[in-house]
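Accompanying notes for the structure given below.
The values are calculated or read from the model by the stated rules, or taken from the named source; none is laboratory data. Here the structure is a predicted model, which is why all the values come from computation and not from measurement. Virtual Cβ from ideal backbone geometry, glycine too; neighbours counted across all protein chains shown. Heavy atoms of the whole protein, side chains included, go into the accessibility calculation; ligands, DNA and RNA do not. Shrake-Rupley method; radii C 1.70, N 1.55, O 1.52, S 1.80 Å.
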Amino acid sequence: SIMRLLRAIGILDSTHCFYRLSGMLEGSDIETLNLISRVKFACQRGDTVVLSQVESIAECLYDVFNQHFTEFQKGDETVYYANMAIGGVSRPCPVHALFQCIVHVQFNQLESLPAPLLNRFETYELSVTDVLSWQLSHLSRGLNNLVSSSLDRCLSFIANVPSGSFWSPSPEDTVKSIFISSI
């Protein structure tokens with residue numbers, strides 16, 4: 001997945017909190033409650049949260065996503081609160097000034113998302129090829145040439161192998177992912 005690749009090359013690290021819904025019907029209410037609770041805790045701490053496959057809870061985090069914060073002065077410090085909903089109950093929750101939220105959406109799901117949800121965020125398209133290019137650009141010229149040549153040979157080999165011999169939704173991306181993890 002693109003999240004694993006971003007972690008592998010150090011763009012995202014272990015200080016980032018990764019949350020996703022499984023899409024399984026069994027236990028989904030408990031899973032949803034746990035996810036919202038974890039996001040709420042991350043808001044309080046000022047963590048960076050990466051959410052994936054969580055479109056179903058976007059309404060619960062409406063005020064957070066839209067930066068509808070209530071400000072209070074606590075001495076010299078400004079404290080922010082945003083309403084977060086769990087079920088039918090909405091409560092103000094503290095939001096640390098350093099809190100950041102990244103929402104990961106697969107490219108093939110973009111058209112099905114409501115425009116207001118997309119408009120709440122800066123949007124970037126990121127592919128396996130982009131991650132590999134970024135990683136190659138940080139290698140020395142000689143090592144870059146060696147890895148690029150090896151990648152070209154692997155892709156050429158896969159192009160000449162019968163399609164049933166190599167299973168992957170995208171053999172080219174799979175090979176590039178292996179190279180990213182190996183560099």
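Simple point charges give the picture: +1 on the Cβ of Lys and Arg, -1 on the Cβ of Asp and Glu, and for the chain a dipole about the Cα centre of about 440 debye. Rolling a 1.4 Å probe over the protein heavy atoms leaves L126 with an accessible area of roughly 90 Å². Relative to the current alpha-carbon distance between S165 and S181, full extension at 0.36 nm per residue lengthens the span by 3.5 nm. Per-atom-type breakdown for region 79-155 gives carbon and sulfur 55% of the accessible area (1.4 Å probe, protein chains only). Summing charges over neighbours of L5, with a neighbour being any other residue whose Cβ is under 15 Å away from its Cβ, gives -2 when K and R count +1 and D and E count -1. Think of a 1.4 Å ball rolled over the protein heavy atoms: region 29-183 then has 66 Å² of accessible area per residue. Please work out, to two decimal places, the log10 of the ratio I(q)/I(0) at q = 0.13, 0.20 Å⁻¹ from a Debye calculation in which every Cα of region 58-183 carries one identical scatterer. Debye intensities relative to I(0), on a log10 scale: -0.77, -1.12. Amide H contacts of S52 (H built 1.01 Å from N, in plane; Pro and chain starts excluded): Y19, R20, L21, H104 sit under 5 Å, all sequence-distant by 5 or more or on other chains. Structural descriptor for region 43-107: relative contact order 47 percent, calculated from alpha carbon pairs under 8 angstrom and at least 6 residues apart. Full extension of the segment from S149 to S137, taken as 0.36 nm per residue of separation minus the current Cα-Cα distance, would add 2.9 nm. Summed over qualifying helices (DSSP H, 4 residues or more, each -39500 (n - 2.57)) and divided by its residue number, the chain shows a 222 nm mean residue ellipticity of -12500 deg cm²/dmol. Using C-alpha pairs under 8 Å with a sequence gap of at least 6, the mean separation divided by the residue count of region 47-183 gives a relative contact order of 20 percent. Which value in Å does the Kirkwood hydrodynamic radius of region 76-125 take, with 1/r averaged over all unlike C-alpha pairs and then inverted? Computed over Cα pairs of region 76-125, the Kirkwood hydrodynamic radius comes out at 13.7 Å.
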